[in-house]
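Right, one structure below, let's go through it.
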Amino acid sequence: MSAENVEIVRAAFDAWNAGDMAALREMYDPDITWRPQENWPEPGPYIGRDAVMRQLSQMRETWDADTLDLISDLIDVGERVAVRVIWRGAGHGPESNIEVTGVYTVGKGRIVGIEFFWDHAEALKAAGLEE
């Protein structure tokens with residue numbers, strides 16, 4: 001099952017980078033909880049697919065173009081998948097390169113939780129691993 005979870009998370013990144021917000025929405029459980037990293041300007045948590053999608057749409061509107069670039073392998077931890085990414089944005093001011101580690105929880109074929117961390121080791125610990 002966890003190899004399937006890795007593919008679900010990978011597909012979510014692919015949907016984001018393709019600009020396919022409808023496909024991304026379908027990958028999220030209706031009761032998803034998303035917790036941004038500490039000291040993020042909009043602290044969250046965001047609970048429910050509508051709240052998560054509203055926040056993601058606002059973030060996406062911040063730049064003319066943006067991508068999520070994976071800078072580590074997707075780490076399979078059973079029902080969780082951890083991955084280090086850089087969110088790159090350009091336009092509307094200076095370019096942005098935000099490096100974080102996301103821990104995605106998958107259940108019944110959908111992403112049910114997302115938690116982001118500035119510190120990679122802290123994220124791995126939250127996922128049930130030690131670096």
Practice problem: Please state which one of Glu99, Glu38, Glu7 is touching a Lys or Arg at 6+ places or on another chain (Cβ under 8 Å), within 25 Å of Leu129 (Cα to Cα) and exposed (fewer than 15 other Cβ atoms within 10 Å of the Cβ). | Solution: Glu99
Practice problem: Output the number of residues of region 77-96 satisfying the condition of being acidic (Asp, Glu) and either buried (at least 20 other Cβ atoms within 10 Å of the Cβ) or within 14 Å of Ser2 (Cβ to Cβ) (or both). | Solution: 1
Quiz item: For region 63-121, how many residues meet the condition of being free of Cβ contacts under 8 Å to residues at least 12 places away in the same chain and among the acidic types (Asp, Glu)?
Solution: 2
Self-check item: Pair list, Cβ under 7 Å, 6 or more apart: region 33-44 residue under 21 Å from Val112 (Cβ atoms) and modelled with pLDDT of 85 or more, other residue among the small types (Gly, Ala, Ser) and surrounded by fewer than 18 Cβ atoms within 10 Å (Cβ to Cβ)
Solution: Trp34/Gly44; Arg35/Gly44; Pro36/Gly44
Exercise. Please state which one of Leu129, Leu74, Leu70 is over 13 Å from the mean Cα position of the chain (by Cα), within 21 Å of Glu4 (Cβ to Cβ) and not hydroxyl-bearing (Ser, Thr, Tyr).
Key: Leu129
Quiz item: Of all the residues that make up region 85-99, how many are acidic (Asp, Glu) and part of a strand (DSSP E or B)?
Solution: 1
Practice problem: Name the single residue, out of those in region 45-68 being in a strand (DSSP E or B) and at pLDDT 95 or above, that is farthest from Asp31 (Cα to Cα). | Solution: Tyr46
Self-check item: Counted residues, region 41-57 - those being loosely packed, with under 12 Cβ neighbours inside 10 Å and under 19 Å from Glu99 (Cα atoms)
Solution: 3
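Out of region 100-117, which residues are in a strand (DSSP E or B) and either farther than 21 Å from Pro41 by Cβ or out of contact with any helix residue (DSSP H, G or I) (no Cβ under 9 Å at 6 or more places or on another chain) (or both)?
If the condition is that a residue be in a strand (DSSP E or B) and either farther than 21 Å from Pro41 by Cβ or out of contact with any helix residue (DSSP H, G or I) (no Cβ under 9 Å at 6 or more places or on another chain) (or both), then Tyr104, Thr105, Val106, Gly107, Arg110, Ile111, Val112, Gly113 are the ones that fit.
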Quiz item: Does Asp29 satisfy the condition of being crowded, with 17+ Cβ neighbours inside 10 Å, over 26 Å from Gly128 (Cβ atoms), in contact (Cβ under 8 Å) with a residue 24 or more places away in the chain and of a type outside the set (A, V, I, L, M, F, W, C)?
Solution: no
Quiz item: Has region 20-35 got any residue that is among the aromatic types (Phe, Trp, Tyr) and either part of a helix (DSSP H, G or I) or in contact with an Asp or Glu (Cβ under 9 Å, 6 or more places away or on another chain) (or both)?
Solution: yes
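The values are calculated or read from the model by the stated rules, or taken from the named source; none is laboratory data. Predicted model only: the values in this text are computed from it and were never measured. Cβ coordinates were reconstructed from backbone atoms using ideal geometry, including for glycine residues, and neighbour counts include every protein chain displayed.
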